[in-house]
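Presented below is the structure to which this report refers.
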Amino acid sequence: MTSKKIIREKGSNNWYKTKKKLAKVHEKIANIRLDFLHKFSTKLIEENQLIAVETLEVKNMLKNSNLAKSISDVCWSKFIELLTYKAKWYGRDLIKIDTFFASSQLCNNCGYKNKEVKDLKIRNWKCPECGKVHDRDINASKNILDEGLKIQKAS
Ligand SMILES: [Zn+2]
């Protein structure tokens, strides 16, 4: 048996030490992530009177492997939680847009609904109605903000 095999033996002192070290690394990463979420949510709240967010169906999106990493990485639900209580503290409007709103498919310029954009691989698209070229995420963000403003006005 080589020495390498011995130190990795499950239940050995070295195995426990390595396990402990790894747990510390995970803890450190979690702290860095939370720190980022805190700073970013505070900045957003301080700089804006209205923040509109889409309440993503995280469970469904995790099934999509492309999205799974980014969603778990940013801890979306934790982020929303931080935004929610900070909005209360600062007296800001946090408006949650439900997932039924087709933020990605609507052309922000003319309102045309392009169902082909449902395909998540499409990052840029040209509106067949008005010809405007969109970046998928920027167009969706504009629609979410417009919807948020509409809801704010109505309430
Ligand atoms: Zn259009």
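Any read-out appearing in this document is the output of simple, stated calculations on the displayed coordinates, not a laboratory observation. Predicted, not measured: the structure shown is a model, and the values here were computed from it. Note: ideal-geometry Cβ built from the backbone for every residue, glycine included; neighbour counts use all protein chains shown.
May I ask you to evaluate 6.51 cos²θ - 1.76 cosθ + 1.60, the Karplus curve with θ = phi - 60°, for each residue of region 116-126 and list the ³J(HN,Hα) values in order in whole Hz, giving x for glycine and proline?
For region 116-126, the Karplus curve yields 5, 6, 3, 5, 5, 6, 6, 9, 10, 8, 10 Hz.
Residue by residue through region 92-102, what is 3J(HN,Hα) from phi via Karplus (6.51 cos²θ - 1.76 cosθ + 1.60, θ = phi - 60°)? Round to whole Hz and write x for glycine and proline.
Coupling constants for region 92-102: 9, 9, 9, 10, 9, 9, 6, 5, 6, 6, 7 Hz.
Just tell me which aspartates and glutamates come within less than 14 Å, Cα to Cα, of K115; anything on the same chain fewer than 8 places away is out.
Candidates past the 8-residue exclusion: E129.
What spacing in nm lies between the two simple spin-label points modelled at L120 and K150, each 7 Å away from Cα in the Cβ direction?
Here the answer is 2.5 nm between the modelled labels.
Residues with amide H under 5 Å of I97's amide H, sequence separation 5 or more or different chain, H placed in the peptide plane at 1.01 Å from N; which?
So I97 has HN proximity to V53, E54, T55.
Near the amide H of H134, under 5 Å away, which other amide H atoms are found, from residues 5 or more places off or on another chain, if H is placed in the peptide plane?
Close amide H contacts, sequence-distant or interchain: W125, K126, C127.
Give me W76, W15 ranked fewest to most by other Cβ atoms within 10 Å of their Cβ, as a rough exposure proxy.
Details: W76 18, W15 14.
Fewest-to-most ranking of W76, W15: W15, W76.
With a sphere of radius 13 Å drawn around the Cβ of K153, what net charge do the other residues whose Cβ falls strictly inside it have (Lys, Arg +1; Asp, Glu -1)?
Numbers: positive: K150; negative: D93, D146, E147.
Within the 13 Å Cβ shell, the charges total -2.
Could you tell me which of the pairs K39/K121; K43/K142; K113/K142; K86/K132 are separated by over 25 angstrom between their Cα atoms in the structure shown? Write down the numbers at each step before the final one.
Working: K39/K121 31 Å; K43/K142 19 Å; K113/K142 14 Å; K86/K132 36 Å.
From K39/K121; K43/K142; K113/K142; K86/K132, over 25 Å: K39/K121; K86/K132.
Please give me, ordered by residue number, the trypsin sites (Lys or Arg not before Pro) of region 122-155 that lie in loop per DSSP and have at most 12 other Cβ atoms within 10 Å.
For trypsin sites (Lys or Arg not before Pro) across region 122-155 that sit outside H, G, I, E and B with at most 12 neighbouring Cβ atoms in 10 Å, the list reads R123.
For N14 and Y85, FRET efficiency with R0 = 41 Å and r from the beta-carbon atoms, rounded to 0.05? All intermediate terms of the calculation are to be shown ahead of the outcome.
Working: r = 44 Å, r/R0 = 1.06.
My answer for the efficiency is 0.40.
Given R₀ = 22 Å, what would the calculated FRET efficiency be for D93 paired with F40, taking r from the Cβ atoms and rounding to 0.05? Kindly include the intermediate steps, with their values, before the conclusion.
Working: r = 18 Å, r/R0 = 0.83.
So the FRET efficiency works out to roughly 0.75.
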